[in-house]
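One structure is given here, and the rest of the page talks about it.
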Amino acid sequence: MKYYFKIILLFVFTTLISAQIVRTDYVESELISEVESIKPGESFWLALRLKMDEEWHTYWLNAGDAGLQTKIKWTLPGGFTASEIHWPYPEKIYLEDLANFGYEGEVFLLTKITPPQFIEQTEIEIKAKASWLVCKVECLPGDAEYSLKLPVSDSTPQTVQNWQQAFSDTRFNLPLKNSDWNINSVKYEDNIKILMNPPQNYTEVNKIEFFPYDGSIYQNAVDQNFTRTERGYELTIPFDDFKVEDPDTLKGILISDIGWRGENSEKALEVIIPFNQAEGVGTADGSGIILALIFAFIGGIILNLMPCVLPVLSIKIMGFVKQAGEDKKRILKHGLVFTSGVLISFWLLAGTLVALRAGGQELGWGFQLQSPEFIIILSIFLFLFALNLFGVFEIGTSFMGFGAKASSKSGSAGDFMTGVTATIVATPCTTPFMGTALGFAMIQPPLVTILIFTFLALGMAFPYLLLSIFPAWLKYLPKPGKWMETLKQFMGFPLVATVIWLAWVLGLQSGSDGVIALLAALFFASFGVWIYGKWGTFNNTNPVKIIARVVAVIMFIGGLLFAMNTTTNNVSPENFRTNNTTGIKWAKFSQQRLNELRSAGIPVFIDFTAAWCLTCQVNERVAINSANVINMIEEKNVIPLKADWTSRDDEITKALASFGRNSVPLYVIYAENLSEPIILPEILTSGIIVDALQKIN
């Protein structure tokens with residue numbers, strides 16, 4: 001008797017958690033629940049199970065060259081919501097010259113149901129109507145209606161043992177939202193290339209395929225060209241000859257034969273990546289690279305106007321004023337040596353970036369400023385430069401490119417060092433055009449990368465090279481006089497201000513101990529150069545001069561070593577304006593948080609920034625924190641995310657790379673009603689941001 005009673009209970013229970021099986025032409029289907037009961041406010045999974053007869057198939061969300069995706073229409077109790085279908089990755093099904101994306105055998109199409117926080121009923125009923133197209137050679141439409149009843153309980157829901165493995169396996173086959181791989185996409189005239197750089201210690205991949213979300217854009221039936229490159233892998237996919245639109249974004253999933261997190265891991269990865277070609281840069285074999293070089297050159301010219309560069313280059317301008325009466329060949333030599341200093345510095349920077357990225361490091365423009373040690377060295381260098389301008393000491397006759405009667409040798413050294421110095425202090429700045437060019441450079445072969453950095457350097461040196469080639473233009477500059485000494489001393493103050501700003505950056509990276517260590521190093525260095533200026537010059541006897549120089553060097557090196565040993569990088573930069581008590585209430589950026597907000601349909605504004613990025617700081621104070629922008633963010637219910645790159649963060653580096661960038665600032669707006677994310681320019685006004693936010697419905 002007990003045996004028959006158990007059979008009856010099992011039958012009743014199964015009826016509750018599974019709708020009746022429906023048999024239509026070549027398809028067996030049913031609606032099933034993962035849980036035995038539901039709890040108010042706690043989401044749960046339902047699945048539409050489709051089991052096709054042998055050699056028959058149904059379709060994925062993009063059916064490929066022919067077919068229709070499966071659809072589900074829900075009838076839910078009040079307060080319940082249903083997600084879109086969560087599609088497991090498909091297979092490619094060939095039929096003569098066509099390629100379709102779909103499923104053979106059995107497939108579970110998942111939907112997440114979210115109940116309200118309070119449910120009056122003790123049992124709820126969920127109804128659904130599904131429609132599909134099932135094909136072999138011929139195709140037949142199919143549909144069915146389902147009704148599923150589930151009890152309501154405050155206890156933790158238990159999973160249904162019969163379906164536990166099916167739900168688990170299906171979730172395993174859902175696309176990952178992110179991975180440790182660095183993936184970029186480049187659009188060409190006839191095809192696209194997907195560039196995939198793996199993390200260190202990865203498992204060798206034999207095959208990767210791309211399945212697009214959008215139909216009628218790519219040739220689905222042709223073999224995708226999968227090749228091994230110096231940095232990773234490359235996948236080439238041709239456009240359809242009759243594509244219905246010209247895409248700006250790569251949208252779809254990548255299927256790896258090994259898995260994206262190592263062997264036997266998840267094989268599907270979702271990619272939604274703007275093409276680098278979207279801003280006109282991308283082709284490495286034609287007009288794209290020419291445009292990238294033009295962008296780099298223009299960006300280099302604009303660098304001269306950035307506040308981080310202007311104090312140094314003002315010294316070069318004074319040098320030209322002094323040279324106005326000199327021989328034309330001598331003036332040209334000054335310009336060429338200065339240009340060589342800029343060029344060699346940019347080549348060293350580009351070579352370092354290429355070498356480190358080839359070794360698997362995720363780096364971008366300004367990467368050295370993510371190092372507290374470099375911040376200390378740069379701060380001391382600029383502080384001593386300021387003391388030199390104030391007249392506290394002189395090194396030789398022309399260390400930084402200024403001096404009254406420089407010899408040919410020392411003058412050339414000064415011109416060269418001015419070029420080097422200008423390059424070093426330029427790294428915190430990013431200009432319009434420059435971000436696009438650098439983002440393109442980082443996904444190209446090393447020679448192309450170095451070529452783009454070369455044009456960036458030439459753009460920066462161009463105004464001064466032009467003056468040296470046409471010295472007659474120097475007559476339009478003011479004549480030499482006492483004003484030059486006053487201007488030289490005045491330009492020391494922006495350098496001191498820069499040191500204060502760098503100390504602030506160091507504090508964000510290393511805490512108050514790092515700032516104290518830097519101040520101590522500046523004290524010892526300044527004391528040392530004062531001793532050098534007082535007793536280490538040629539006006540003193542040899543013993544005094546030698547002792548003064550030795551003491552100066554000891555104090556300089558001692559202060560530097562003390563700061564290096566004290567500085568640590570154990571303070572998270574997340575406190576950098578993410579916990580503001582006034583203005584915009586920033587949340588910390590993470591790819592997972594972004595995916596969650598986008599899945600919920602919540603609009604997002606991302607600020608990719610860094611404390612050492614002067615352009616970022618100006619934008620924040622002038623535009624982002626304006627009342628108009630704050631009000632618009634609140635009105636549109638936008639969640640602002642701060643991606644703080646002050647210290648090295650591989651997740652932010654990868655996020656930048658997904659937009660074809662490797663530098664900050666970058667500003668991105670996501671919204672459910674926008675087909676593509678809005679990318680704002682590098683230099684902002686409040687009007688630009690407000691206009692973009694108004695596009696959110």
Taking the options Lys251, Lys267, name whichever one is on the phi < 0 side of the Ramachandran plot, modelled with pLDDT of 90 or more and in contact with a Ser or Thr (Cβ under 7 Å, 6 or more places away or on another chain).
Lys267
Looking at the range 621-644, is at least one residue without any contact (Cβ under 8 Å) to a residue 12 or more places away in the chain and under 22 Å from Leu508 (Cα atoms)?
yes
Looking at (1) assigned by TED's automatic domain parsing to the domain that holds Trp45; (2) surrounded by fewer than 17 Cβ atoms within 10 Å (Cβ to Cβ); (3) outside any loop (DSSP other than H, G, I, E, B), can you tell me which one Trp163 breaks?
(2)
Which members of the range 502-517 meet the condition of being of a type in the set (A, V, I, L, M, F, W, C) and free of Cβ contacts under 8 Å to residues at least 60 places away in the same chain?
Val515, Ile516
Here's a check for you: in the range 518-533, which residue that is more than 43 Å from the chain's Cα centre (by Cα) and touching a residue at least 40 places away in the same chain (Cβ under 8 Å) is farthest from Glu373 (Cα to Cα)?
Gly533
For Lys92, indicate whether it is among the charged types (D, E, K, R), within 28 Å of Ile38 (Cβ to Cβ) and either touching a helix residue (DSSP H, G or I) at 6+ places or on another chain (Cβ under 6 Å) or not assigned by TED's automatic domain parsing to the domain that holds Lys267 (or both).
no
Could you list, in sequence order, the residues of the range 432-466 that are among the hydrophobic types (A, V, I, L, M, F, W, C), part of a helix (DSSP H, G or I) and at pLDDT below 80?
Met434, Ala437, Leu438, Phe440, Ala441
Of the conditions (1) touching a residue at least 60 places away in the same chain (Cβ under 8 Å); (2) at negative phi; (3) surrounded by fewer than 17 Cβ atoms within 10 Å (Cβ to Cβ), Ser686 satisfies every one except a single condition; which number is it?
(3)
In the range 193-208, which residues are within 18 Å of Ile253 (Cβ to Cβ), buried (at least 17 other Cβ atoms within 10 Å of the Cβ), in contact with a Phe, Trp or Tyr (Cβ under 9 Å, 6 or more places away or on another chain) and not β-branched (Val, Ile, Thr)?
Leu195, Met196, Pro198
The conditions are (1) surrounded by 17 or more Cβ atoms within 10 Å (Cβ to Cβ); (2) touching a Pro at 6+ places or on another chain (Cβ under 8 Å); (3) farther than 28 Å from Gly299 by Cα, and Glu672 fails exactly one of them. Which is it?
(1)
The correct count of residues that are of a type outside the set (A, V, I, L, M, F, W, C), exposed (fewer than 15 other Cβ atoms within 10 Å of the Cβ) and more than 26 Å from Gly64 (Cα to Cα) in the range 115-148 is 9
Considering the range 234-247 alone, what residues qualify as being modelled with pLDDT of 85 or more and either in the same structural domain as Ala355 (by TED's automatic domain parsing) or in a loop (DSSP other than H, G, I, E, B) (or both)?
Asp240
Enumeration of residues in the range 617-639 that are closer than 27 Å to Asn182 by Cβ and either small (Gly, Ala, Ser) or crowded, with 21+ Cβ neighbours inside 10 Å (or both)
Asn619
Being modelled with pLDDT of 90 or more and within 14 Å of the chain's Cα centre (by Cα) is the filter here, so list the residues in the range 660-677 that pass it.
Leu666, Tyr667, Val668, Ile669
Just give me the residues in the range 501-539 being under 17 Å from Phe390 (Cα atoms) and among the β-branched types (Val, Ile, Thr), in sequence order.
Val529, Ile531, Thr537
Here the qualifying pairs (Cβ atoms under 8 Å; residues six or more apart or on different chains; first in the range 582-597 and at negative phi; second in a loop (DSSP other than H, G, I, E, B) and charged (D, E, K, R)) come out as Trp586/Arg577; Gln591/Lys177; Gln592/Lys177; Asn595/Lys177
Hey, Asp25 closer than 17 Å to Ser131 by Cα and modelled with pLDDT under 90 or not:
yes
Could you tell me whether the range 169-179 includes any residue that is of a type in the set (D, E, K, R), at pLDDT below 90, under 23 Å from Gln591 (Cβ atoms) and in contact with a Pro (Cβ under 6 Å, 6 or more places away or on another chain)?
no
Condition check for Asn206: in a loop (DSSP other than H, G, I, E, B) and in contact with a Gly (Cβ under 6 Å, 6 or more places away or on another chain):
no
Between Ala324, Ala358, which is at pLDDT below 65 and under 23 Å from Lys488 (Cα atoms)?
Ala324
I'm trying to understand the selection: among the residues of the range 209-233, which are buried (at least 17 other Cβ atoms within 10 Å of the Cβ) and outside any loop (DSSP other than H, G, I, E, B)?
Glu209, Phe210, Phe211, Pro212, Tyr218, Phe226, Tyr233
Failed condition for Ile652, given (1) surrounded by fewer than 21 Cβ atoms within 10 Å (Cβ to Cβ); (2) in contact with a strand residue (DSSP E or B) (Cβ under 6 Å, 6 or more places away or on another chain); (3) not hydroxyl-bearing (Ser, Thr, Tyr), with all others met?
(1)
In the range 590-690, which strands (runs of 3 or more DSSP E) lie fully inside it and hold 1 or more residues that are aliphatic (A, V, I, L, M) and over 17 Å from Pro274 (Cβ atoms)?
639-644
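The values are calculated or read from the model by the stated rules, or taken from the named source; none is laboratory data. Just so you know, these numbers come straight off a predicted model, no measurement behind them. As a convention, Cβ positions derive from the backbone with ideal geometry for all residues, glycine included, and neighbour counts pool all protein chains shown.
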